[in-house]
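One structure is given here, and the rest of the page talks about it.
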Amino acid sequence: MLQEDLIYIADVFTPEQCKKLIDEFEIEKERSEGERCAHAITGVDTQSTFKRIELKPYTETFDMVHNATKTMVKKWVDYLTSLNCLHVPIIAQNLNFAHMYRLMCYEKGGWIHPHTDWDNFCHASCTISLNDNFEGGQFSFFNGKYDVDLKPGQAMIFPANAYWVHEVKEVTKGKRYSTNCFILSVPLEKQFELNTFAKSLQTLPNVRNHDLRF
Ligand SMILES: [Fe+2]
């Protein structure tokens with residue numbers, strides 16, 4: 001089995017639903033913001049050039065993305081089970097909460113560098129493509145070694161650990177719209193609390209004494 005066999009892709013949105021989300025970004029783009037994270041290969045903290053807004057709970061578009069994500073989690077678990085070679089109950093019991101639903105736009109020149117979505121208690125990443133009237137902007141895994149072309153309305157879910165380096169290559173024409181969320185085993189606010197606690201463990205003498213780093 002190849003690593004990319006763990007990726008699952010399915011149709012989740014109609015063209016009308018994609019348009020509704022794209023229109024929402026354009027209406028709300030004044031409140032859009034950028035993001036930064038470590039470059040997976042160099043380790044350098046890097047500002048990417050896409051913009052994103054967070055969908056507001058209890059809205060039609062939030063519910064659309066939430067329901068599509070829920071469907072993808074269910075279908076992915078069924079697909080992984082069908083492979084008949086994985087410990088799926090452990091995977092499934094950690095796919096419980098979405099950290100947030102982000103609506104993203106990569107304008108011409110927009111990209112995100114190779115990175116991973118890894119964090120404690122984060123187990124999967126789910127993205128939904130909303131359009132294809134742009135050039136460039138391929139979703140690519142493993143530092144450019146495996147490209148995925150999603151059609152508008154298609155979602156893709158994949159593991160979020162550090163082995164899953166991915167990027168969006170530079171958009172050379174038009175605008176690329178998508179949504180994304182991370183799938184957590186605990187609610188987002190608990191992830192913050194638990195991460196703070198996990199960091200504090202690093203200062204304990206008995207943890208330092210068993211340090212394998214060099
Ligand atoms: Fe990512």
Specify the angular offset, from 0 to 90 degrees and rounded to the nearest 10, of the alpha carbon long axis of helix 188-201 from the longest principal axis of the alpha carbons in the chain. 30
For the range 158-209 and the range 87-153, what is the separation of their C-alpha centers, rounded to whole Å? 12
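Per 0.36 nm of contour for each residue apart, how much would the distance between GLU54 and GLU16 grow if the chain were fully extended, relative to their Cα-Cα spacing?
Values: separation 38, 0.36 × 38 = 13.68 nm, distance 2.02 nm.
Full extension from GLU54 to GLU16 adds 11.7 nm.
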Most mobile of THR42, THR116, THR172 in a GNM of the chain (Cα contacts under 10 Å): THR42
Which FRET efficiency value, to the nearest 0.05, is calculated for LYS173 and ASN67 with the Förster distance at 22 angstrom and r the Cβ-Cβ distance? 0.10
What distance in nm separates the simple spin-label points at PHE142 and GLU30, each placed 7 Å from Cα in the Cβ direction? 4.6
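May I ask you to derive the relative contact order of the chain, considering only C-alpha pairs under 8 Å and at least 6 residues apart, and to give it as an integer percent?
Relative contact order comes out at 26 percent.
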Note down the Stokes-Einstein diffusion coefficient of the chain in µm²/s, whole number, using a Kirkwood radius over alpha carbon pairs, 37 °C, and 0.692 mPa s. 180
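When you have a sec, figure out the Kirkwood radius of the range 104-174 from all distinct Cα pair distances and drop it here in Å to one decimal?
Details: mean 1/r = 0.0795 Å⁻¹.
Evaluated on the range 104-174, it is 12.6 Å.
Sorted from fewest to most neighbouring beta carbons within 10 Å, what does the list LEU55, LEU194 look like?
Fewest-to-most ranking of LEU55, LEU194: LEU194, LEU55.
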If you build a Gaussian network model of the chain, linking Cα atoms that sit under 10 Å apart, which residue out of LYS29, LYS19, LYS145 swings the most? LYS145
Per residue of the chain, what 222 nm ellipticity follows from adding -39500 (n - 2.57) for every DSSP H run with n ≥ 4, rounded to the nearest 500? -9000 deg cm²/dmol
Which of these, CYS37, CYS181, CYS18, has the largest mean-square fluctuation under a Gaussian network model of the chain (Cα springs below 10 Å)? CYS37
Between the helical axis of 60-83 and the dominant principal axis of the chain, each derived from Cα atoms, what acute angle in degrees is found, rounded to the nearest 10? 60
Reachable lysines from LYS175, Cα under 22 Å, same-chain residues fewer than 8 places away excluded? LYS19, LYS20, LYS29, LYS51, LYS108, LYS151
By how many nm would the segment from GLN202 to ASN96 lengthen if fully extended, with 0.36 nm per residue of separation less the alpha-carbon distance? 35.4 nm
For helix 15-28, what angle does its Cα long axis make with the longest principal axis of the chain, in degrees from 0 to 90 and rounded to 10? 80
Expressed in nanometres to one decimal, the distance between label points 7 Å along Cα→Cβ at VAL186 and TYR163 is 2.4
Rounded to the nearest 0.05, what FRET efficiency do HIS87 and ASN195 give with R0 = 22 Å and r taken as the Cβ-Cβ distance? Could you check? 0.30
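Quick note: the coordinates plus some simple rules give every number you see, no bench work behind them. The model shown is predicted, which means the values in this text are computed figures rather than measured ones. All Cβ positions, even for glycine, are placed from backbone atoms using ideal geometry, and neighbour counts span all protein chains on display.
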